[in-house]
Amino acid sequence: MTSIAMPLIEDLAANNNDKYGMLPLKFTWFEGQIAGHNPTMVKDGKRQLGMVKESGNGDKILKPAQDGKRGEREVQFYHDVFVSGMNDPSLNDLRRLLPNFFGTRKIEIEAQESLFLVLEDVTCTFSLPASIDIKIGKQTFGPDATEAKKLKEIETNPVQGTLGYRVLGYRIAEQEDNTFKKDPKWRSEENRMISAVQEFFDQAHDVHIIKEQLLEKLGHIKKVAGKRRFHMYSSSILIVYENDRNCEQNVDVRMIDFSHVHPGMGLPDDNYLFGLNRLIETIEEL
Ligand SMILES: Nc1ncnc2c1ncn2[C@@H]1O[C@H](COP(=O)(O)OP(=O)(O)O)[C@@H](O)[C@H]1O
Ligand SMILES: [Mg+2]
């Protein structure tokens, strides 16, 4: 299996938008994407799809369903929570912490039908969104992962295994420009990873307001993760704050990325909770 990533994901915004000429008219790659699969990646000779926006539908974002089990799992998860579980009150708290789900949709891209999840775009209510993607949990593979995958994950992300979270990157929209940061050095030491979180929030205009709201929202996630319903591996928390000082200083926090979600079988999600608690400690120190 070959995987190359060139040019870098930050170019998505700079070259906006469909420099690969893949998307049908009306669709563009989402400029605010921080991490994950995207069209700068080629895997097994196939250009990957990334997050897509459709003109006239600014409040929604289209996420490509991944190949095989991963895509099936994520679609099933959103379906279980928003469709078949719609009247299940024990899922109310979880529903509030996820981007809203509007079903799936097929789009023809390069003569092939591709399946997308239609989700709420969490950044769309912000004038200048500053967003960070933080992967939660010491273990980033599900119980069904191959030995090779387990070893690779453990080897490449040692800090994730001890700290329990990992910043994948952050993006801060500014009046004139856009800051994108993703540093491989963060992965080598806990202190560097913690500094990445601090650095992102240090750039907020009123860190105190944001910190208070953020801790409250992370507390809600903690409550939900303690419910023993799901175990989430390799899942992220997306945090977005307002970087426009003329707008209300608020923050949104959502759980995203569920390609490795498994049934909880009545056991607490200790792996996720460990990382979440460490992240809460880091935020408390801001
Ligand atoms: N609902 C959403 N609203 C806004 N941005 C999102 C949303 N979901 C994901 N993103 C952006 O897309 C990126 C990749 O999403 P993710 O679900 O993690 O995909 P992958 O499964 O490819 O890792 C995130 O880092 C974030 O920047
Ligand atoms: Mg992801």
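Bear in mind these aren't lab numbers, they're just calculated from the coordinates by the rules spelled out. Predicted model, so just to flag it, every value in this text is computed and none were measured. So basically every Cβ, Gly included, is an ideal-geometry build from the backbone, and we count neighbours across all protein chains shown.
When its C-alpha radius of gyration is set against 2.2 N^0.38 Å (N residues), segment 148-215 gives a value of 1.32. In the chain, the alpha-carbon atoms span a convex hull of 135 Å³ per residue. When each of E74, E212 is scored by the number of other beta-carbon atoms lying within 10 Å, the sequence from fewest to most is E212, E74. Stretching the chain fully between Q76 and M265 yields a gain of 66.3 nm (0.36 nm per residue, less the alpha carbon separation).
From the Cα gyration tensor of segment 23-86, with a ≥ b ≥ c the square roots of its eigenvalues, which class applies: rounded if a/c is under 1.5, or else prolate if a/b is larger than b/c, or else oblate? Since a/c reaches 1.5 but b/c is at least a/b, the shape of segment 23-86 is classed as oblate. Translational diffusion of segment 3-120, estimated by Stokes-Einstein from the Kirkwood radius over alpha carbon pairs at 10 °C in a medium of 1.306 mPa s, is 104 µm² per second. Here is the size of segment 188-233 from its Cα atoms: Rg then Dmax, 14.0, 37 Å. Take every Cα pair under 8 Å whose residues are at least 6 apart in sequence, average their separation, divide by the length of the chain, and the relative contact order is 19 percent. Fully extending the segment from K150 to K69, taken as 0.36 nm per residue of separation minus the present Cα-Cα distance, adds 27.5 nm.
Counting neighbouring Cβ atoms within 10 Å and putting the fewest first, the residues H205, H37 line up as H205, H37.
Computed from label points 7 Å out along Cα-Cβ, the spacing between K46 and V83 is 2.2 nm.
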